[in-house]
Structures are given as structure tokens and as C-alpha cells.
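Everything on this sheet refers to the single structure shown next.
The values are calculated or read from the model by the stated rules, or taken from the named source; none is laboratory data. Bear in mind the structure is a predicted one, so any value in this text is a computation, not a measurement. Don't worry about glycine lacking a Cβ; one is built from the backbone with ideal geometry, like all the others, and counts go over all protein chains shown. Just the protein is used for accessible areas: all its heavy atoms, side chains included, with ligands, DNA and RNA removed. Shrake-Rupley method; radii C 1.70, N 1.55, O 1.52, S 1.80 Å.
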Amino acid sequence: MGTKNNNALFFTCSLIEYIGRSAKRTRKEVADFLGKERIGRIYEYADVFHCEPIEKVAAEFIEESKITTGNFDNEKECNYTVPSYWDIGEVYERLIEDSYEDENIVEGIWEVYHSWIDEHISDYNTDFYYQPRDYIAACYKEGVVL
């Protein structure tokens with residue numbers, strides 16, 4: 001499907017993950033707060049944002065999008081080693097790359113974060129998030145964990 005190793009997409013997904021952890025929000029909620037237009041801007045200018053520390057970029061978008069603190073804490077719920085936000089960003093990046101064409105990446109970001117698979121990737125007590133990328137993409141396509 002999409003370009004493999006899309007760095008802009010990797011950064012965008014990692015930032016959404018980082019913001020979700022910081023603000024204790026589901027990744028779907030983060031997408032809703034940011035909105036499609038802002039997500040598109042993050043994706044388009046990812047190479048610029050990537051030059052700054054992710055903490056700073058996240059803080060700016062949290063403020064700009066008026067993201068309030070929620071009570072979703074999948075790090076605290078995790079009984080094992082918590083995967084890094086870069087690790088999880090990569091899971092989303094690969095899924096979106098494998099499921100959407102390059103010209104539809106922002107739509108793909110929106111769709112994936114608003115789909116059933118989001119809560120499965122965010123559940124760090126299962127082994128779902130570190131399954132092979134083709135398996136995760138197949139599950140997404142079928143609409144169930146296979």
C-alpha cells in the first residue's frame with residue numbers, strides 16, 4: 001500500500017501516543033481533540049516538528065487543542081514492561097501504511113484511531129501490539145482479532 005517507513009507518519013502516530021499518555025486520554029480522544037485538519041498539519045510538517053523535543057511539541061498541541069486531562073491510563077494498568085511511545089507509534093504507522101494509499105494517509109490516521117483496533121493496540125496486557133504487521137493489518141481489514 002503506502003510508502004514503507006513513512007517518517008512523517010511515524011512521528012505523527014508517536015506524537016498522538018505521547019499526547020495520549022500525557023493527557024491520560026484514549027488515542028481516539030486525542031484524535032478528536034486535535035481534529036483532522038490539525039492532524040494533517042502535524043503530518044505535513046512532521047520533519048519540522050521532529051527537530052524539537054517531543055515533550056515540547058506535545059505540550060504545544062495539548063494547549064492549542066485545549067486537551068484536558070482524562071482518566072485513561074494504560075501505562076498504569078500494564079502488568080508488564082510498558083512499550084515506548086515510539087514503539088506504539090510504529091505499530092500505528094505500519095498499520096496505516098499497510099491499509100491506506102499515500103494520498104489517503106491523513107484519512108487513514110483518522111479511520112484507524114476511530115476504529116475498534118485502537119483499544120486493542122492500547123491494551124498493553126495483551127500481546128496484540130507486538131504481533132507481526134501483516135497480522136495486525138489483516139485483523140484491521142477483517143474487523144476482528146483473528
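Right, Glu29: within 15 Å of the chain's Cα centre (by Cα), within 22 Å of Glu119 (Cα to Cα) and in contact (Cβ under 8 Å) with a residue 12 or more places away in the chain or not? Considered against the rule, which asks whether it is within 15 Å of the chain's Cα centre (by Cα), within 22 Å of Glu119 (Cα to Cα) and in contact (Cβ under 8 Å) with a residue 12 or more places away in the chain, Glu29 comes out as yes. Just one of (1) surrounded by fewer than 22 Cβ atoms within 10 Å (Cβ to Cβ); (2) in contact with an Asp or Glu (Cβ under 6 Å, 6 or more places away or on another chain) fails for Ile88. It is (1). If the condition is being farther than 26 Å from Glu44 by Cβ, open to solvent by 20 Å² or more (accessible area, probe 1.4 Å) and either of a type outside the set (A, V, I, L, M, F, W, C) or outside any loop (DSSP other than H, G, I, E, B) (or both), then the stretch 91-126 contributes Glu119, His120, Asp123, Asn125, Thr126. Among (1) part of a helix (DSSP H, G or I); (2) within 19 Å of Ser22 (Cβ to Cβ); (3) modelled with pLDDT under 95, where does Cys78 come up short? If we test Cys78 against (1) part of a helix (DSSP H, G or I); (2) within 19 Å of Ser22 (Cβ to Cβ); (3) modelled with pLDDT under 95, just (1) comes out false.
Yes or no, residue by residue, for (1) buried (at least 22 other Cβ atoms within 10 Å of the Cβ); (2) touching a Phe, Trp or Tyr at 6+ places or on another chain (Cβ under 8 Å); (3) modelled with pLDDT of 95 or more; (4) over 15 Å from Phe72 (Cα atoms):
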residue: Cys13; (1), (2), (3), (4): yes, yes, yes, yes
residue: Lys24; (1), (2), (3), (4): no, yes, yes, no
residue: Val30; (1), (2), (3), (4): yes, yes, yes, no
residue: Glu44; (1), (2), (3), (4): no, no, yes, yes
residue: Ile54; (1), (2), (3), (4): no, yes, yes, yes
